[in-house]
1. Taking Lys60 as the anchor, which lysines have their alpha carbon closer than 20 Å to its alpha carbon, excluding any fewer than eight residues away along the same chain?
2. What size of dipole, in debye to the nearest 20, comes out for the range 293-351 about its Cα centre when the only charges are +1 on Lys and Arg C-beta atoms and -1 on Asp and Glu C-beta atoms?
3. Share of antiparallel DSSP beta bridges in the range 31-108, in percent to the nearest 5?
4. Report the one residue of Phe483, Pro453, His581 whose Cα lies farthest in the direction of the positive end of the charge dipole of the range 420-615 (charges on C-beta: Lys and Arg +1, Asp and Glu -1; origin at the Cα centre).
5. So which GluC sites (Glu not before Pro) in the range 28-82 are both in a DSSP loop and have at most 16 other Cβ atoms within 10 Å of their Cβ?
6. Using 31 Å as the Cα-Cα cut-off, could you pick out the over-long pairs in Lys340/Lys448; Lys378/Lys448; Lys475/Lys595; Lys340/Lys492?
7. Find, among the GluC sites (Glu not before Pro) in the range 396-483, those assigned to loop by DSSP (not H, G, I, E, B) with at most 16 other beta-carbon atoms within 10 angstrom.
8. Dipole size in debye (nearest 20) for the range 31-108 around its Cα centre, Lys and Arg Cβ +1, Asp and Glu Cβ -1?
Amino acid sequence: MFSASWSMLFAAGLLIAVLLFSLSSTKNSTVDYVFVWKQAEEKNIESVEFQGDKIKGHWKHIPDSPDSKTPKLTDDFEMVLPMALDHELLDHFRTNGVIIKATSADGTFSSRDFIWLLIQILPLAFLMWFLWGMMRRNSDPFGSGPLGSFIRSPAKRFKPSDQQTTFDDVAAMEHAKQDLQEVVEFLKTPAKFQRLGAQIPKGVLLMGPPGTGKTLLARATAGEAGVPFYAINGSEFIQMFVGVGASRVRDMFRTAKENAPCILFVDEIDAVGRIRGAGLGGGHDEREQTLNQILSEMDGFQQTEAVIVIAATNRPDVLDPALLRPGRFDRHVTVDRPTKTGRAAILKVHSRRVPLNDDVNLDKVAAGSIGFSGAELKNLVNEAALNAARDNRDNVTSEDFDQARDKILMGPKREEVLGPKEREMTAYHEAGHALLAWLLAEVDSVHKVTVIPRGRALGVTQLMPDEDRYNIGEKRLHSQLAFMLGGRAAEKLVFNEYSAGAEDDLKRATQIARRMVTRWGMSTAIGPVAFRDGEEHPFLGKEMASDSREYSDDTARIIDAEVQRFLIQGDQRAVQILTEHRSKLDALTVALVEKESLDIGEITAIIGPPVRRDDEQPSQDIAP
Ligand code: ADP
Ligand code: MG
Ligand code: ZN
């Protein structure tokens, strides 16, 4: 009711005001105090009229502009009186024969005064408007009037013509592409499906970790089908003013319907789609409202409207179940981190325009980048290319990829140089890790050991798994603990003291040991129980109602003891192995101090080939 006509009237009023303002402002030029003072002195002012805090006056002859920035002066002038004015100016006018008049501020009501009034009232009017909109909750305060565009959804539109992305640009992910192929078919020929009364998918939810190509996939789906692509980010719905989020949704859906067939992409839908009623404190009304609006818009789709909503999230667990109900986002496509072949394919896509040296084997690079997402792989190629560019080379070598990987995994190199003692201690620490990884069959093979300070670490032992692994056995975990504690074990063995540099090792080892006990049932004293220990995102409010710890103090004590036992065992094993192989430890350290960095070949040359067990599949890990 407050919509079109009101907005129109308002806009018209605004237009007139602007016109009047520009008209009246061509009449008088505004000048400053000193200029007026001087002109009075030169007897060039005929008359002045005091109006409230302003002076309006008439020149005898139009003076030259005070400076180049001021436009040409007119017959009349205007000046704002400084607040601190005493009677100086008045006296000055009198002594220089200026005719002085005065009107009270509310004397005449000129067009200018009207505008002034308008300007005073406007903010208040706006405020009332919004307050009123707030009371109406779901309403859109601006309606569809001209001002409505202020809050039009910022869904960006990509016409088919400026879409270059197709499934060809999406490497690997065959499974996801297959799932989306149906959507493509439908968008291409909606009639074929509608004729048979087939239920058309309304919503597709892409789920997967950040950077795995969800946005890319959605865009490629639109490109593949040759339909417009509207994208909006979930967080863009959340606006300062209540009611606007919901109105954006309505607006966005309307635009999409007008342009069907098309794809509407809601990125990071978890920003709005979280379970309703969850969360700390208040302030979620807006979000719930927006979510409700999305749901009701999706329910309102006619079968004839070929609009498919694709949403992406990396937190499917926090989504409101109502979003996932049939008829809404009922198709789920999981977008996972790529496998080894997938990574190789993604690397290939992104190095299409990068000149690679003959020694670069993208399959090898893929093997060494386990756990990397598509975005990280893209970054890897880019960092490698940057590396080559920095050295003014015209192709990218395998060494560039190695350095790029190190940088991404461990942070940039640090400038500072370690002192000889510090360096020796760091070298022993890393040699300890490396030797344990070398000798413990269940720990992955060593890729590289360095004592070059990087990121937060002084040195790094990098492991390189041969293949992706999805599950870890108990034995491997115990060996992992020994490996992680091996750095400080070496320090203690050689220098008879621990350094503070092992904090991270301890933290990570403790974390693993705790999970072994509380989640994976690997402790005989605790048995096959999985405890929840409050790690489940209390900030999302989902778990807030229940107590975060589900076990008694007695159990807590046993858990702590078991964790400790696992860690002590690991430490003892590390100490024992390092003591047994002390000469190898020393040899490795000497080489490390000298060369700063050792790879598999170099380590093999010093201490012989690693102990391997072929039936097990190793994993990636880094021990700083
Ligand atoms: P998400 O939306 O899942 O966070 P994006 O779609 O924004 O991830 O992906 C980020 C970048 O990573 C993309 O621009 C793309 O260049 C790259 N990328 C991710 N996955 C792939 C893939 N399968 N093939 C090619 N490039 C990919
Ligand atoms: Mg994204
Ligand atoms: Zn360490």
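1. Lys60 reaches Lys27, Lys38, Lys43, Lys72, Lys101.
2. 560
3. That works out to approximately 70 percent antiparallel.
4. His581
5. Glu42
6. Lys475/Lys595; Lys340/Lys492
7. Glu415, Glu416, Glu467
8. 160
Bear in mind these aren't lab numbers, they're just calculated from the coordinates by the rules spelled out. None of the values given here were measured: they were computed from a predicted structure. Cβ: placed from backbone, ideal geometry, glycine included. Neighbour counts: every protein chain shown.
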